[in-house]
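Below is one structure, written out as C-alpha coordinates; the observations come after it.
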Amino acid sequence: MSSNQDFILEILEDSGLATRRDIQEARDSSPNGNVLETLIASGLVTEEDSMRALAAHAAMEFIELETMTLERAVLDRVPKELAERFKVVPVAETDGGLMIAVSNPLDFDTFDSLGHVLGITPEFVCATSKAITAALKNYYGIDSEQPATVNPYELDESDPDSDAPIIRMVTSLLSEAYTLRASDIHLEPMESYFRVRFRIDGVLQEMQSPPKRLQSAIISRLKILTGSMSIAEKRIPQDGRIQITVGPRQIDLRVSTVPSTQGESIVMRILDKSALQLGLPQLGFLSDDQAIFEQLITLPDGILLVTGPTGSGKTTTLYACLNYINRPDKKLITVEDPVEYQMAGINQVQVNVDIGMTFPAALRSMLRQAPNIIMIGEIRDADTANIAINASLTGHLVFSTLHTNDAPGAVARLVDIGVQPFLVSSAVRAVLAQRLIRRICPKCKEPAELLPSDMRSLGVDAVQLAHAQISKGRGCEACRNGGYKGRAGIFEFFQVDDEIRHMINEGGTTLQLRKRAREMGMRTMREDGIRKVLSGMTTAEEVIGVTMGDKE
(Lines give C-alpha, C1' and ligand atoms only; values in the text may rest on other atoms or scores of the structure.)
Protein backbone atom coordinates (compact mmCIF):
# COMPACT_ATOMS: atom_id res chain seq x y z
CA MET A 1 0.00 0.00 0.00
CA SER A 2 1.32 3.41 -0.95
CA SER A 3 2.26 5.96 1.69
CA ASN A 4 -0.36 8.36 0.24
CA GLN A 5 -3.03 5.75 0.89
CA ASP A 6 -1.70 5.21 4.44
CA PHE A 7 -2.03 8.93 4.98
CA ILE A 8 -5.64 9.01 3.71
CA LEU A 9 -6.62 6.02 5.84
CA GLU A 10 -5.14 7.71 8.90
CA ILE A 11 -7.29 10.77 8.20
CA LEU A 12 -10.41 8.57 7.90
CA GLU A 13 -9.64 6.97 11.25
CA ASP A 14 -8.95 10.33 12.91
CA SER A 15 -12.25 11.68 11.51
CA GLY A 16 -14.20 8.73 12.93
CA LEU A 17 -15.33 7.54 9.48
CA ALA A 18 -13.63 4.16 9.83
CA THR A 19 -12.23 2.23 12.76
CA ARG A 20 -8.85 0.56 12.80
CA ARG A 21 -10.64 -2.78 12.62
CA ASP A 22 -12.62 -1.66 9.53
CA ILE A 23 -9.39 -0.64 7.81
CA GLN A 24 -7.62 -3.89 8.69
CA GLU A 25 -10.55 -5.99 7.42
CA ALA A 26 -10.61 -3.99 4.18
CA ARG A 27 -6.87 -4.49 3.84
CA ASP A 28 -7.23 -8.24 4.30
CA SER A 29 -10.04 -8.51 1.75
CA SER A 30 -8.79 -6.02 -0.85
CA PRO A 31 -8.08 -7.86 -4.11
CA ASN A 32 -5.76 -5.20 -5.53
CA GLY A 33 -4.33 -3.50 -2.44
CA ASN A 34 -6.59 -0.44 -2.78
CA VAL A 35 -7.99 -0.33 0.76
CA LEU A 36 -9.88 2.94 0.25
CA GLU A 37 -11.67 1.53 -2.80
CA THR A 38 -12.62 -1.57 -0.78
CA LEU A 39 -14.00 0.55 2.08
CA ILE A 40 -16.13 2.55 -0.35
CA ALA A 41 -17.36 -0.59 -2.16
CA SER A 42 -18.39 -2.17 1.16
CA GLY A 43 -20.51 0.85 2.06
CA LEU A 44 -18.56 1.62 5.25
CA VAL A 45 -17.36 4.91 3.77
CA THR A 46 -18.80 7.01 0.96
CA GLU A 47 -16.60 8.78 -1.54
CA GLU A 48 -18.12 12.10 -0.48
CA ASP A 49 -17.37 11.50 3.19
CA SER A 50 -13.77 10.52 2.46
CA MET A 51 -13.28 13.57 0.22
CA ARG A 52 -14.79 15.88 2.83
CA ALA A 53 -12.38 14.54 5.47
CA LEU A 54 -9.39 14.83 3.15
CA ALA A 55 -10.36 18.35 2.09
CA ALA A 56 -10.77 19.44 5.71
CA HIS A 57 -7.31 18.11 6.52
CA ALA A 58 -5.83 20.04 3.58
CA ALA A 59 -7.73 23.20 4.62
CA MET A 60 -9.63 23.06 1.32
CA GLU A 61 -13.34 23.76 0.80
CA PHE A 62 -15.55 20.84 -0.32
CA ILE A 63 -18.30 21.66 -2.82
CA GLU A 64 -21.29 19.70 -4.16
CA LEU A 65 -20.43 20.21 -7.81
CA GLU A 66 -23.40 18.21 -9.07
CA THR A 67 -25.84 20.82 -7.68
CA MET A 68 -24.12 23.80 -9.37
CA THR A 69 -24.83 25.47 -12.71
CA LEU A 70 -21.59 26.62 -14.30
CA GLU A 71 -21.26 29.64 -16.58
CA ARG A 72 -19.73 29.27 -20.05
CA ALA A 73 -17.45 32.30 -19.50
CA VAL A 74 -15.94 30.54 -16.49
CA LEU A 75 -15.59 27.21 -18.30
CA ASP A 76 -13.80 28.92 -21.18
CA ARG A 77 -11.03 29.99 -18.79
CA VAL A 78 -9.75 26.38 -18.86
CA PRO A 79 -9.43 24.86 -22.34
CA LYS A 80 -11.01 21.45 -22.94
CA GLU A 81 -7.66 19.68 -23.37
CA LEU A 82 -6.43 20.96 -19.99
CA ALA A 83 -9.68 20.04 -18.23
CA GLU A 84 -9.48 16.53 -19.73
CA ARG A 85 -5.78 16.09 -19.01
CA PHE A 86 -5.93 17.19 -15.36
CA LYS A 87 -9.55 16.08 -14.67
CA VAL A 88 -10.51 19.48 -13.25
CA VAL A 89 -13.51 21.80 -13.66
CA PRO A 90 -13.47 25.62 -13.25
CA VAL A 91 -16.45 26.64 -11.12
CA ALA A 92 -16.25 30.39 -10.46
CA GLU A 93 -14.18 33.51 -11.01
CA THR A 94 -12.54 35.17 -8.02
CA ASP A 95 -10.81 38.53 -7.63
CA GLY A 96 -8.35 38.32 -10.48
CA GLY A 97 -8.26 34.52 -10.30
CA LEU A 98 -10.22 31.33 -10.77
CA MET A 99 -11.78 28.69 -8.52
CA ILE A 100 -11.11 25.16 -9.80
CA ALA A 101 -12.58 21.87 -8.53
CA VAL A 102 -10.27 18.86 -8.12
CA SER A 103 -10.91 15.40 -6.73
CA ASN A 104 -7.58 14.98 -4.93
CA PRO A 105 -6.56 17.66 -2.38
CA LEU A 106 -3.08 16.12 -2.28
CA ASP A 107 -2.36 16.36 -6.02
CA PHE A 108 0.28 19.08 -5.71
CA ASP A 109 1.63 18.37 -9.19
CA THR A 110 -1.72 19.36 -10.73
CA PHE A 111 -1.88 22.51 -8.60
CA ASP A 112 1.58 23.65 -9.68
CA SER A 113 1.18 22.68 -13.35
CA LEU A 114 -2.22 24.34 -13.79
CA GLY A 115 -1.09 27.54 -12.15
CA HIS A 116 1.97 27.63 -14.42
CA VAL A 117 0.04 26.89 -17.64
CA LEU A 118 -2.80 29.32 -16.88
CA GLY A 119 -0.47 32.03 -15.60
CA ILE A 120 -2.50 32.56 -12.43
CA THR A 121 -2.66 31.27 -8.86
CA PRO A 122 -5.97 29.37 -8.80
CA GLU A 123 -8.04 28.72 -5.71
CA PHE A 124 -8.69 24.98 -5.50
CA VAL A 125 -11.77 23.36 -4.02
CA CYS A 126 -12.59 19.68 -3.67
CA ALA A 127 -15.40 17.61 -5.22
CA THR A 128 -15.98 13.90 -5.73
CA SER A 129 -14.43 12.26 -8.79
CA LYS A 130 -17.94 11.16 -9.82
CA ALA A 131 -19.16 14.76 -9.83
CA ILE A 132 -16.12 15.95 -11.80
CA THR A 133 -16.55 13.17 -14.39
CA ALA A 134 -20.20 14.16 -14.84
CA ALA A 135 -19.32 17.86 -15.16
CA LEU A 136 -16.62 17.12 -17.77
CA LYS A 137 -19.18 15.19 -19.80
CA ASN A 138 -21.98 17.76 -19.44
CA TYR A 139 -19.97 20.92 -20.06
CA TYR A 140 -17.01 19.81 -22.18
CA GLY A 141 -18.44 16.75 -23.92
CA ILE A 142 -15.65 14.59 -22.52
CA ASP A 143 -17.24 11.16 -22.42
CA SER A 144 -14.73 8.97 -20.56
CA GLU A 145 -14.62 7.17 -17.28
CA GLN A 146 -12.62 8.78 -14.48
CA PRO A 147 -9.37 6.77 -14.41
CA ALA A 148 -8.17 5.03 -11.31
CA THR A 149 -6.21 7.18 -8.90
CA VAL A 150 -2.69 7.62 -10.21
CA ASN A 151 0.23 7.32 -7.86
CA PRO A 152 2.37 10.33 -8.89
CA TYR A 153 5.46 8.53 -7.60
CA GLU A 154 5.19 6.08 -10.50
CA LEU A 155 6.91 7.00 -13.78
CA ASP A 156 4.81 7.18 -16.95
CA GLU A 157 6.94 4.93 -19.16
CA SER A 158 4.82 5.87 -22.22
CA ASP A 159 6.24 9.41 -22.16
CA PRO A 160 10.02 8.91 -21.86
CA ASP A 161 10.99 12.13 -23.63
CA SER A 162 8.87 14.40 -21.46
CA ASP A 163 10.01 16.14 -18.29
CA ALA A 164 6.54 15.70 -16.74
CA PRO A 165 7.17 12.22 -15.24
CA ILE A 166 10.39 13.41 -13.57
CA ILE A 167 8.66 16.53 -12.25
CA ARG A 168 5.84 14.35 -10.94
CA MET A 169 8.26 11.92 -9.33
CA VAL A 170 10.29 14.64 -7.58
CA THR A 171 7.14 16.44 -6.38
CA SER A 172 5.77 13.18 -4.99
CA LEU A 173 9.09 12.36 -3.31
CA LEU A 174 9.17 15.70 -1.47
CA SER A 175 5.48 15.52 -0.54
CA GLU A 176 5.81 11.98 0.75
CA ALA A 177 8.79 12.93 2.91
CA TYR A 178 6.83 15.78 4.47
CA THR A 179 3.75 13.61 4.99
CA LEU A 180 5.86 11.00 6.82
CA ARG A 181 7.38 13.73 9.05
CA ALA A 182 10.90 13.13 7.73
CA SER A 183 13.58 15.58 8.81
CA ASP A 184 16.02 14.63 6.02
CA ILE A 185 15.88 13.09 2.55
CA HIS A 186 18.96 11.15 1.42
CA LEU A 187 19.41 10.33 -2.28
CA GLU A 188 22.45 8.11 -2.61
CA PRO A 189 23.79 6.70 -5.91
CA MET A 190 24.82 3.06 -5.47
CA GLU A 191 26.48 0.86 -8.08
CA SER A 192 23.29 -0.86 -9.23
CA TYR A 193 20.47 1.28 -7.77
CA PHE A 194 19.55 4.79 -6.64
CA ARG A 195 18.90 4.57 -2.90
CA VAL A 196 16.28 6.80 -1.24
CA ARG A 197 16.17 7.09 2.55
CA PHE A 198 14.12 9.30 4.88
CA ARG A 199 15.22 10.16 8.39
CA ILE A 200 12.08 9.81 10.50
CA ASP A 201 12.26 10.50 14.24
CA GLY A 202 16.05 10.38 14.00
CA VAL A 203 16.23 6.96 12.30
CA LEU A 204 17.02 6.45 8.61
CA GLN A 205 14.42 4.33 6.80
CA GLU A 206 14.85 2.99 3.28
CA MET A 207 12.08 3.90 0.84
CA GLN A 208 11.08 2.70 -2.62
CA SER A 209 13.92 3.44 -5.06
CA PRO A 210 13.39 5.11 -8.44
CA PRO A 211 14.94 3.37 -11.47
CA LYS A 212 18.72 3.79 -11.58
CA ARG A 213 18.55 5.22 -15.13
CA LEU A 214 16.56 8.22 -13.81
CA GLN A 215 19.25 9.17 -11.29
CA SER A 216 20.74 12.05 -13.31
CA ALA A 217 17.34 13.43 -14.31
CA ILE A 218 16.10 13.49 -10.70
CA ILE A 219 19.26 15.18 -9.44
CA SER A 220 19.07 17.77 -12.24
CA ARG A 221 15.41 18.49 -11.43
CA LEU A 222 16.26 19.12 -7.77
CA LYS A 223 19.11 21.44 -8.74
CA ILE A 224 16.76 23.39 -11.02
CA LEU A 225 14.26 23.78 -8.17
CA THR A 226 16.90 25.51 -6.04
CA GLY A 227 17.37 28.19 -8.70
CA SER A 228 21.03 28.55 -7.73
CA MET A 229 22.79 25.22 -8.35
CA SER A 230 24.48 24.34 -11.64
CA ILE A 231 23.25 21.19 -13.36
CA ALA A 232 26.43 21.16 -15.48
CA GLU A 233 28.78 21.13 -12.47
CA LYS A 234 29.08 17.64 -10.99
CA ARG A 235 32.67 17.69 -9.68
CA ILE A 236 32.36 19.95 -6.63
CA PRO A 237 29.88 20.19 -3.71
CA GLN A 238 26.99 22.64 -4.07
CA ASP A 239 24.40 24.07 -1.68
CA GLY A 240 20.97 25.57 -2.26
CA ARG A 241 17.41 25.90 -0.99
CA ILE A 242 14.02 24.78 -2.28
CA GLN A 243 10.63 26.20 -1.32
CA ILE A 244 7.57 24.04 -1.98
CA THR A 245 3.92 24.09 -0.95
CA VAL A 246 2.49 20.94 0.62
CA GLY A 247 -1.25 21.29 1.20
CA PRO A 248 -1.82 24.53 3.10
CA ARG A 249 1.81 24.82 4.26
CA GLN A 250 4.96 26.12 2.67
CA ILE A 251 8.13 24.31 3.65
CA ASP A 252 11.80 24.97 2.96
CA LEU A 253 14.45 22.41 2.10
CA ARG A 254 18.17 22.98 2.52
CA VAL A 255 19.93 21.07 -0.26
CA SER A 256 23.51 19.80 -0.30
CA THR A 257 25.24 17.81 -3.05
CA VAL A 258 28.55 15.94 -2.82
CA PRO A 259 30.25 14.08 -5.71
CA SER A 260 30.71 10.35 -5.13
CA THR A 261 32.13 7.52 -7.21
CA GLN A 262 28.65 6.56 -8.49
CA GLY A 263 27.30 10.08 -9.04
CA GLU A 264 26.20 13.03 -6.94
CA SER A 265 24.79 12.30 -3.48
CA ILE A 266 22.06 14.69 -2.29
CA VAL A 267 20.86 15.36 1.25
CA MET A 268 17.88 17.65 1.82
CA ARG A 269 17.04 18.96 5.29
CA ILE A 270 13.31 19.69 5.63
CA LEU A 271 12.71 22.89 7.57
CA ASP A 272 9.09 22.74 8.70
CA LYS A 273 7.96 26.12 9.99
CA SER A 274 5.37 24.49 12.25
CA ALA A 275 8.32 23.70 14.55
CA LEU A 276 8.41 27.40 15.36
CA GLN A 277 5.09 27.10 17.15
CA LEU A 278 6.23 24.39 19.53
CA GLY A 279 5.58 25.16 23.18
CA LEU A 280 7.84 24.03 25.99
CA PRO A 281 5.65 20.98 26.86
CA GLN A 282 5.93 19.80 23.22
CA LEU A 283 9.73 19.92 23.54
CA GLY A 284 9.45 17.31 26.30
CA PHE A 285 9.71 19.43 29.45
CA LEU A 286 7.93 18.03 32.47
CA SER A 287 6.09 20.60 34.57
CA ASP A 288 8.81 21.24 37.18
CA ASP A 289 11.58 21.67 34.57
CA GLN A 290 9.30 23.83 32.45
CA ALA A 291 8.73 26.21 35.38
CA ILE A 292 12.51 26.54 35.92
CA PHE A 293 13.17 27.08 32.22
CA GLU A 294 10.42 29.69 31.82
CA GLN A 295 12.00 31.60 34.68
CA LEU A 296 15.46 31.42 33.09
CA ILE A 297 14.45 32.58 29.61
CA THR A 298 12.72 35.67 30.97
CA LEU A 299 15.79 36.96 32.84
CA PRO A 300 16.77 40.56 31.93
CA ASP A 301 20.38 39.73 31.03
CA GLY A 302 23.04 37.03 30.98
CA ILE A 303 23.83 34.09 28.71
CA LEU A 304 21.75 30.93 28.40
CA LEU A 305 23.44 28.12 26.51
CA VAL A 306 21.94 25.01 24.92
CA THR A 307 24.47 22.21 24.37
CA GLY A 308 24.54 18.84 22.71
CA PRO A 309 25.86 17.09 19.59
CA THR A 310 24.62 17.77 16.06
CA GLY A 311 21.02 16.66 15.64
CA SER A 312 20.10 16.91 19.33
CA GLY A 313 17.42 19.58 18.79
CA LYS A 314 19.35 22.63 20.01
CA THR A 315 18.05 24.94 17.27
CA THR A 316 14.44 23.86 17.82
CA THR A 317 14.79 24.62 21.54
CA LEU A 318 16.22 28.07 20.81
CA TYR A 319 13.40 28.90 18.40
CA ALA A 320 10.83 27.72 20.95
CA CYS A 321 12.44 30.07 23.50
CA LEU A 322 12.27 32.98 21.07
CA ASN A 323 8.66 32.17 20.24
CA TYR A 324 7.82 32.14 23.97
CA ILE A 325 9.36 35.55 24.71
CA ASN A 326 8.60 37.28 21.39
CA ARG A 327 6.47 40.27 22.46
CA PRO A 328 5.89 43.71 20.90
CA ASP A 329 7.73 45.43 23.77
CA LYS A 330 10.95 43.44 23.16
CA LYS A 331 13.39 43.77 20.28
CA LEU A 332 14.85 40.41 19.25
CA ILE A 333 17.75 39.99 16.82
CA THR A 334 19.37 36.73 15.69
CA VAL A 335 22.60 36.03 13.82
CA GLU A 336 22.58 32.61 12.16
CA ASP A 337 24.48 30.51 9.64
CA PRO A 338 22.21 29.80 7.92
CA VAL A 339 18.86 31.40 8.83
CA GLU A 340 16.78 28.23 8.89
CA TYR A 341 13.35 29.65 9.71
CA GLN A 342 11.82 33.07 9.08
CA MET A 343 10.11 34.26 12.28
CA ALA A 344 7.58 37.09 12.36
CA GLY A 345 8.54 40.01 14.59
CA ILE A 346 12.23 39.07 14.83
CA ASN A 347 15.18 40.67 13.02
CA GLN A 348 17.28 37.85 11.58
CA VAL A 349 20.80 38.33 10.20
CA GLN A 350 22.43 35.85 7.81
CA VAL A 351 26.16 35.20 8.16
CA ASN A 352 28.04 35.55 4.85
CA VAL A 353 31.77 35.03 5.25
CA ASP A 354 32.46 35.78 1.56
CA ILE A 355 31.54 39.44 2.02
CA GLY A 356 32.94 39.79 5.54
CA MET A 357 29.65 39.30 7.41
CA THR A 358 31.08 36.93 10.01
CA PHE A 359 29.54 36.12 13.39
CA PRO A 360 31.66 38.78 15.19
CA ALA A 361 30.97 41.42 12.50
CA ALA A 362 27.24 40.73 12.59
CA LEU A 363 27.21 40.82 16.40
CA ARG A 364 28.97 44.19 16.53
CA SER A 365 26.39 45.61 14.13
CA MET A 366 23.52 44.05 16.05
CA LEU A 367 24.51 45.72 19.30
CA ARG A 368 24.13 49.13 17.63
CA GLN A 369 20.50 48.20 16.92
CA ALA A 370 19.65 48.37 20.67
CA PRO A 371 18.15 44.88 21.03
CA ASN A 372 16.77 43.44 24.27
CA ILE A 373 17.42 39.82 23.31
CA ILE A 374 20.09 38.32 21.04
CA MET A 375 20.23 34.80 19.65
CA ILE A 376 23.55 33.55 18.24
CA GLY A 377 23.27 30.37 16.21
CA GLU A 378 26.51 28.96 17.64
CA ILE A 379 29.51 30.20 19.61
CA ARG A 380 32.42 28.94 17.51
CA ASP A 381 35.41 31.11 18.42
CA ALA A 382 36.86 33.49 21.02
CA ASP A 383 35.72 36.65 19.17
CA THR A 384 32.10 35.52 19.05
CA ALA A 385 32.19 34.32 22.65
CA ASN A 386 33.71 37.54 24.01
CA ILE A 387 31.28 39.78 22.15
CA ALA A 388 28.36 37.65 23.39
CA ILE A 389 29.63 37.84 26.97
CA ASN A 390 30.17 41.60 26.79
CA ALA A 391 26.63 41.98 25.42
CA SER A 392 25.23 39.98 28.32
CA LEU A 393 27.17 42.09 30.84
CA THR A 394 25.75 45.30 29.36
CA GLY A 395 22.11 44.39 29.84
CA HIS A 396 21.25 41.98 27.03
CA LEU A 397 19.81 38.47 27.29
CA VAL A 398 21.83 36.21 25.00
CA PHE A 399 20.88 32.72 23.74
CA SER A 400 23.34 30.47 21.96
CA THR A 401 24.55 26.90 21.48
CA LEU A 402 27.77 24.97 22.08
CA HIS A 403 28.90 21.47 21.16
CA THR A 404 29.55 19.78 24.53
CA ASN A 405 28.47 16.43 25.90
CA ASP A 406 26.99 17.70 29.15
CA ALA A 407 25.90 20.99 30.73
CA PRO A 408 28.82 21.69 33.14
CA GLY A 409 31.25 21.01 30.27
CA ALA A 410 30.16 24.28 28.64
CA VAL A 411 32.30 26.20 31.15
CA ALA A 412 35.49 24.38 30.15
CA ARG A 413 34.60 24.77 26.47
CA LEU A 414 34.31 28.58 26.78
CA VAL A 415 37.61 28.77 28.68
CA ASP A 416 39.28 26.53 26.06
CA ILE A 417 38.33 28.87 23.21
CA GLY A 418 39.84 31.83 25.01
CA VAL A 419 37.29 33.38 27.40
CA GLN A 420 38.60 34.43 30.81
CA PRO A 421 37.06 32.38 33.68
CA PHE A 422 35.87 35.52 35.53
CA LEU A 423 33.92 36.58 32.43
CA VAL A 424 32.34 33.13 32.12
CA SER A 425 31.26 33.15 35.76
CA SER A 426 29.85 36.68 35.49
CA ALA A 427 27.87 36.16 32.28
CA VAL A 428 26.58 32.57 32.15
CA ARG A 429 23.29 32.12 34.00
CA ALA A 430 22.52 28.54 33.04
CA VAL A 431 23.31 25.75 30.58
CA LEU A 432 20.80 23.27 29.20
CA ALA A 433 22.22 20.04 27.78
CA GLN A 434 19.83 17.87 25.77
CA ARG A 435 19.35 14.77 23.66
CA LEU A 436 16.37 13.57 21.64
CA ILE A 437 14.39 10.42 22.38
CA ARG A 438 11.53 8.90 20.39
CA ARG A 439 8.03 9.16 21.84
CA ILE A 440 5.82 6.08 22.05
CA CYS A 441 3.14 6.20 19.33
CA PRO A 442 -0.10 7.36 21.01
CA LYS A 443 -2.29 5.29 18.68
CA CYS A 444 -0.78 1.90 19.50
CA LYS A 445 0.48 2.61 23.01
CA GLU A 446 -0.10 -0.23 25.45
CA PRO A 447 1.02 -1.24 28.97
CA ALA A 448 4.37 -3.01 29.26
CA GLU A 449 6.85 -4.21 31.86
CA LEU A 450 10.48 -3.35 32.42
CA LEU A 451 12.94 -6.18 31.92
CA PRO A 452 15.17 -6.93 34.95
CA SER A 453 18.20 -5.91 32.86
CA ASP A 454 16.59 -2.54 32.06
CA MET A 455 15.76 -2.00 35.72
CA ARG A 456 19.41 -2.58 36.61
CA SER A 457 20.66 -0.28 33.83
CA LEU A 458 18.32 2.52 34.82
CA GLY A 459 18.62 1.98 38.57
CA VAL A 460 14.85 1.65 38.97
CA ASP A 461 13.45 -0.22 41.97
CA ALA A 462 10.10 -1.82 42.76
CA VAL A 463 8.92 1.22 44.73
CA GLN A 464 9.28 3.47 41.67
CA LEU A 465 7.54 0.91 39.47
CA ALA A 466 4.54 0.75 41.80
CA HIS A 467 3.22 4.08 40.51
CA ALA A 468 4.75 4.00 37.03
CA GLN A 469 3.00 3.82 33.65
CA ILE A 470 5.48 1.69 31.74
CA SER A 471 4.39 1.53 28.09
CA LYS A 472 5.44 0.48 24.63
CA GLY A 473 4.16 0.91 21.08
CA ARG A 474 2.70 -2.20 19.52
CA GLY A 475 3.22 -0.88 15.99
CA CYS A 476 0.51 0.43 13.65
CA GLU A 477 -0.03 2.28 10.38
CA ALA A 478 0.36 5.67 12.06
CA CYS A 479 3.94 4.89 13.14
CA ARG A 480 4.80 2.63 10.18
CA ASN A 481 4.85 -0.31 12.60
CA GLY A 482 7.80 1.15 14.49
CA GLY A 483 6.04 1.78 17.81
CA TYR A 484 7.32 5.38 17.98
CA LYS A 485 5.97 8.64 16.58
CA GLY A 486 7.58 12.02 17.20
CA ARG A 487 10.45 12.97 19.46
CA ALA A 488 11.00 14.78 22.74
CA GLY A 489 14.02 16.04 24.64
CA ILE A 490 15.69 14.79 27.78
CA PHE A 491 17.44 17.57 29.64
CA GLU A 492 20.15 18.47 32.14
CA PHE A 493 19.97 21.90 33.81
CA PHE A 494 23.17 23.47 35.12
CA GLN A 495 22.46 26.71 36.99
CA VAL A 496 25.27 29.02 38.09
CA ASP A 497 24.94 30.09 41.74
CA ASP A 498 27.44 32.03 43.86
CA GLU A 499 29.39 28.94 44.90
CA ILE A 500 29.70 27.64 41.34
CA ARG A 501 30.66 31.15 40.21
CA HIS A 502 33.48 31.09 42.78
CA MET A 503 34.57 27.61 41.62
CA ILE A 504 34.75 28.82 37.99
CA ASN A 505 36.90 31.80 39.04
CA GLU A 506 39.23 29.43 40.89
CA GLY A 507 39.62 27.19 37.84
CA GLY A 508 37.36 24.35 39.01
CA THR A 509 37.28 21.31 36.74
CA THR A 510 34.18 20.04 34.96
CA LEU A 511 34.07 17.10 37.38
CA GLN A 512 34.09 19.45 40.38
CA LEU A 513 31.41 21.68 38.87
CA ARG A 514 29.29 18.66 38.07
CA LYS A 515 29.63 17.31 41.60
CA ARG A 516 28.51 20.63 43.08
CA ALA A 517 25.59 20.88 40.65
CA ARG A 518 24.50 17.36 41.62
CA GLU A 519 24.57 18.39 45.28
CA MET A 520 22.30 21.31 44.33
CA GLY A 521 19.82 18.84 42.81
CA MET A 522 20.79 18.78 39.13
CA ARG A 523 19.30 15.77 37.36
CA THR A 524 21.36 14.07 34.68
CA MET A 525 19.90 13.44 31.24
CA ARG A 526 19.57 9.75 32.11
CA GLU A 527 17.64 10.60 35.27
CA ASP A 528 15.33 12.87 33.27
CA GLY A 529 14.93 10.04 30.76
CA ILE A 530 14.03 7.63 33.57
CA ARG A 531 11.22 9.96 34.62
CA LYS A 532 9.91 9.88 31.06
CA VAL A 533 10.07 6.09 30.96
CA LEU A 534 8.10 5.90 34.22
CA SER A 535 5.53 8.39 32.89
CA GLY A 536 4.95 6.36 29.72
CA MET A 537 6.42 8.91 27.29
CA THR A 538 9.20 6.67 25.98
CA THR A 539 10.85 3.29 26.50
CA ALA A 540 13.82 2.09 28.51
CA GLU A 541 15.61 1.07 25.30
CA GLU A 542 15.46 4.63 23.99
CA VAL A 543 16.84 6.22 27.15
CA ILE A 544 19.58 3.63 27.64
CA GLY A 545 20.70 3.99 24.01
CA VAL A 546 20.75 7.80 24.03
CA THR A 547 22.46 8.17 27.43
CA MET A 548 25.01 5.39 27.07
CA GLY A 549 27.82 7.78 28.04
CA ASP A 550 26.09 8.89 31.26
CA LYS A 551 27.91 6.92 33.92
CA GLU A 552 25.99 8.27 36.88
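The values are calculated or read from the model by the stated rules, or taken from the named source; none is laboratory data. Keep in mind it's a predicted model, so treat the numbers as computed, not measured. In this analysis, Cβ positions are derived from the backbone assuming ideal geometry, glycine residues included, and neighbour counts consider all displayed protein chains. SASA here: full protein model, heavy atoms, side chains in, ligands and nucleic acids out. Shrake-Rupley method; radii C 1.70, N 1.55, O 1.52, S 1.80 Å.
Here the 3J(HN,Hα) profile of the range 65-74, calculated from phi with Karplus coefficients 6.51, -1.76 and 1.60 at θ = phi - 60°, is 4, 5, 9, 9, 10, 9, 8, 4, 5, 6 Hz, Gly and Pro shown as x. What the chain shows is 47 Å² of accessible area per residue, with the surface traced by a 1.4 Å probe over protein heavy atoms. The mean sequence separation of alpha-carbon pairs under 8 Å and at least six residues apart, normalised by the residue count of the range 403-524, gives a relative contact order of 35 percent. Extension gain for S535-V117 works out to 145.1 nm (0.36 nm per residue, less the C-alpha to C-alpha distance). Residues whose amide H lies under 5 Å from that of R195, counting only those 5 or more places away or on a different chain, are E188, M190; hydrogens are built 1.01 Å from N in the peptide plane. Taking only alpha carbon atoms, the range 35-85 gives an Rg to Rh ratio of 1.10, where Rh is the Kirkwood radius. The relative contact order of the range 322-391 comes to 35 percent, based on Cα pairs under 8 Å that sit 6 or more residues apart.
Size of the range 1-109: Rg and Dmax of its alpha carbons, in Å, are 16.3, 49. The mean sequence separation of alpha-carbon pairs under 8 Å and at least six residues apart, normalised by the residue count of the range 61-138, gives a relative contact order of 37 percent. Once all protein chains are placed together, R181 keeps about 90 Å² accessible to a 1.4 angstrom probe. Of the Cα atoms belonging to the chain, the radius of gyration and Dmax stand at 27.2, 88 Å. The long axis of helix 287-296 is offset from the longest Cα principal axis of the chain by roughly 70 degrees.
Stokes-Einstein, applied to the Kirkwood radius of the range 315-436 over Cα pairs at a viscosity of 1.567 mPa s and 4 °C, places its translational diffusion at 88 µm² s⁻¹. Backbone amide hydrogens, once placed in the peptide plane, bring I100 within less than 5 Å of V91, E123, F124, V125, excluding anything fewer than 5 places away on its chain.
Rounded to the nearest 20 debye, the dipole magnitude of the chain is 1500 debye, with +1 charges on Lys and Arg beta carbons, -1 on Asp and Glu beta carbons, and the Cα centre as origin. Checking Cβ-Cβ separations below 4.7 Å across the chain identifies C126, C321 as cysteines lacking any candidate disulfide partner. Residue-wise HN-Hα couplings along the range 345-352, as the Karplus relation 6.51 cos²θ - 1.76 cosθ + 1.60 with θ = phi - 60° gives them from phi, are x, 10, 7, 10, 10, 9, 5, 9 Hz; Gly and Pro carry x.
Can you tell me the FRET efficiency between I142 and E48 if r is taken as the Cβ-Cβ distance and R0 is 35 Å, rounded to the nearest 0.05? Given R0 = 35 Å and the Cβ-Cβ separation, E is 0.95. The long axis of helix 164-179 is offset from the longest Cα principal axis of the chain by roughly 50 degrees.
Note on V415/I224: beta-carbon distance plugged into 1/(1 + (r/R0)^6) with R0 of 45 Å gives a FRET efficiency of 0.40.
Remark: spin-label model distance S15-L511 equals 6.2 nm, labels positioned 7 Å along the Cα→Cβ axis. For the pair A73 and A134, the difference between a 0.36 nm per residue extended length and the Cα-Cα distance amounts to 20.1 nm. Computed from the Cβ-Cβ distance with R0 of 60 Å, the FRET efficiency linking D498 to R195 stands at 0.60.
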